[in-house]
Amino acid sequence: MSVEAQIKSSSTPSPSNSITSPVECSLKSLMDIASLIETGSCKKEVFHIARAVRLTNSLKKKLAEPNLLQAFLDFALSPGSELHNRLSGFLHHQRGELGMEADSATSAPAKRVSPELEIYCYLLMLLFLIDQNRYNEAKAFSSAAVVRVENLSRGAVETAGVLASRVYFYYSYIHEVIDDLAEIRWDLLHLLTISTLHHDDLGQVCCQSTWMLFTLQIQFLICDTMTMKQETLLNLLLRNYLHYNFYDQAEKLRSKARRFQSHTIQQVCRYLFYLGKIQTIQLKYKDARESLLHAARKAPVAAHGFRILCSKWAVLVHLLLGEIPERTTFKQSGMERALRPYFMLTNAVRIGDLELFRNVAEDFAGFFGSDKTYNLIVRLRHNVIRTGLRKISISYSRISLADVAEKLKLDSANPVADVESITAKAIRDGAIHAVLDHANGWLVSKDTGDIYSTAKPLAVFSSRIAFCRNLQNDAVKALRFPPKTQEERDSDEYWRESQVLDEEIAREYMDEDETYF
């Protein structure tokens, strides 16, 4: 009897044996999830397995009971099989033999277990080991899980892409916790290469109408699962490179990777965040601002830590662009304490006080170092000086360079000479409207003209209009329409549209045949 049949037979509780304990409730939930996986495996439908993964997220904290996992393993796997013995050994704090080869068929299991359900058991055990903080054992076990995923058959790969993505994620997470990400970099590159090559091999379509539509559906299914794996592996590699500050290698990988439409909002947000970090380091501040703002805007409300991290980098990018972030950025719910150092830093840049800026940078050096933003804060020193120069040029029509150096509080051996060079560069870049009198050592300000007579307001309005249009386009792309009812499907108009669509598809294939031959 298959696992799915056993689940269906045990899913109807008898009146005398009702489920009362939390462990039995959790076991019933795991059995239902196993039923979803078996259904997705038999029908080749990925959304069943994706739903099973989402339901597992709510059971993470309940996996700490060894009895729960042991009961589920006894139910899902064949007792006495190699995989069952290996997983059960971890539950009893025993050292399992983690062979790097796939499970052999010599144990002759009594029941048929789908490959998807096997990968799901690996995933549950990874969650259990991580919850128990047994990272050394989880490291070896995750490697064995990745090898098992690699040895899946082509038919199982089509539906196990969601589970494989989660295994890859925890595989990288465990190595990151133990600070050993460099060890798996080549393995992730190898997995990404294999996934990309499998995706390239798709494409043979039959010419018959019914079989052609069925083949297209199967191809879209494979493309979805392969894309999930590719986007997960690409983000893991970008995180791996950025962890060691290899920004050039990360940009080369990102620029040469395949372009695809992502299917999960989590992977989209991570990709945009990593892209924003790379662009910030490469001085592409405008592009980085757009990427970071999109990542923070698309992130789910529950991803509190991720949104805080995006806000920190977005604040620094705004400051590097010479802009002052809005005060509401630092007053978001639950972010005030985490963004407090960046608020003080913004205040120092806003008033152009170089001494206050140095004090904030020194007081929170450890905080900025943990966020890996200290190098960006060093870049802000020039912006603080320019802000102070702008205020001085507006306040004084003529002022000596020595007084300017005193007001800016420069800590250099020759502050007057430094002020002269900094002021000359600011005048050349258009940051201040003034001229230098080198003979007398003065800074003479010019009369400020009407800004509305320049092209700056037009540029600002154009950027706002472009942002609104992009927001509208994204909203239109995210629209979802309800499926058609049976009455709409039976109507003549629906069949007429279907016939026209079939004729257009057939005409396209005929045109392609004429072109090729």
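The values are calculated or read from the model by the stated rules, or taken from the named source; none is laboratory data. Small disclaimer: the values here were computed from a predicted structure and weren't measured. A quick note on method: Cβ atoms are made from the backbone with ideal geometry, for glycine too, and the neighbour counts reach across all protein chains shown. Surface areas here come from the heavy atoms of the whole protein model, side chains and all, with no ligands, DNA or RNA. Shrake-Rupley method; radii C 1.70, N 1.55, O 1.52, S 1.80 Å.
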- Query: Residue-wise, which Karplus ³J(HN,Hα) couplings in Hz belong to segment 314-319, taking 6.51 cos²θ - 1.76 cosθ + 1.60, θ = phi - 60°, and x for glycine or proline?
  - Reply: 5, 4, 5, 5, 4, 5
- Whole-Hz ³J(HN,Hα) from phi, Karplus 6.51 cos²θ - 1.76 cosθ + 1.60, for segment 354-368, glycine and proline x: 5, 5, 4, 4, 5, 5, 5, 5, 6, 5, 10, 4, x, 5, 5
- Query: Among His190, His438, what's the order by accessible area (1.4 angstrom probe), most exposed first?
  - Reply: His438, His190
- Note on the structure: Burial-style ranking of 319-326, 26-33, 462-469, average other-beta-carbon count within 10 Å with highest first, yields 26-33, 319-326, 462-469
- Toward the positive end of the charge dipole of segment 237-352, about the Cα centre and with charges on Cβ (Lys, Arg +1; Asp, Glu -1), which of Gly352, Pro341, Ala295 goes farthest? Ala295
- Message: Run the reach check for Lys331 against lysines, Cα to Cα strictly under 26 Å, same-chain hits fewer than 8 apart removed. What comes back?
- Response: Lys277, Lys286, Lys298, Lys312, Lys372
- Task: Give the Debye-formula value of log10 I(q)/I(0) at each listed q (0.13, 0.18, 0.22 Å⁻¹), with one equal scatterer per alpha carbon of segment 111-191, two decimals each.
- Result: -0.38, -0.71, -1.01
- Message: Under 14 Å from a point placed 7 Å out from the Cα of Asn245 along the Cα-to-Cβ direction: which residues of segment 265-291 have their backbone N that close?
- Response: 281-282
- Between Arg340 and Lys477, 0.36 nm times their residue separation minus their Cα-Cα distance comes to what? 45.7 nm
- Note on the structure: At R0 = 25 Å the Cβ-Cβ FRET efficiency linking Gln70 and Asn133, nearest 0.05, sits at 0.80
- Listed peptides 174-186, 79-91, 328-340, 137-149 by packing density, highest first (mean Cβ within 10 Å): 137-149, 79-91, 174-186, 328-340
- Query: So for the pair Thr264, Trp186, with labels modelled 7 Å out along Cα→Cβ, what separation do we get in nm?
  - Reply: 2.7 nm
- Message: 5 Å is the cut-off here: which amide hydrogens, built 1.01 Å from N in the peptide plane, fall below it relative to Ala434, excluding neighbours closer than 5 in sequence?
- Response: Lys446
- Note on the structure: The long-range amide H neighbours of Arg134, using H built 1.01 Å from N in the peptide plane and a cut-off of under 5 Å, are none
- Which distance in nm do the two modelled labels at Arg297 and Arg469 give, with both placed 7 Å along the Cα-to-Cβ direction? 1.5 nm
- Note on the structure: Karplus ³J(HN,Hα) for segment 383-394 (6.51 cos²θ - 1.76 cosθ + 1.60, θ = phi - 60°; Hz, whole; x = Gly/Pro) runs 5, 5, 5, 5, 4, x, 4, 5, 5, 5, 5, 6
- Task: Sort out for me the Cα centre separation of segment 274-319 from segment 119-142, rounded to whole Å.
- Result: 32 Å
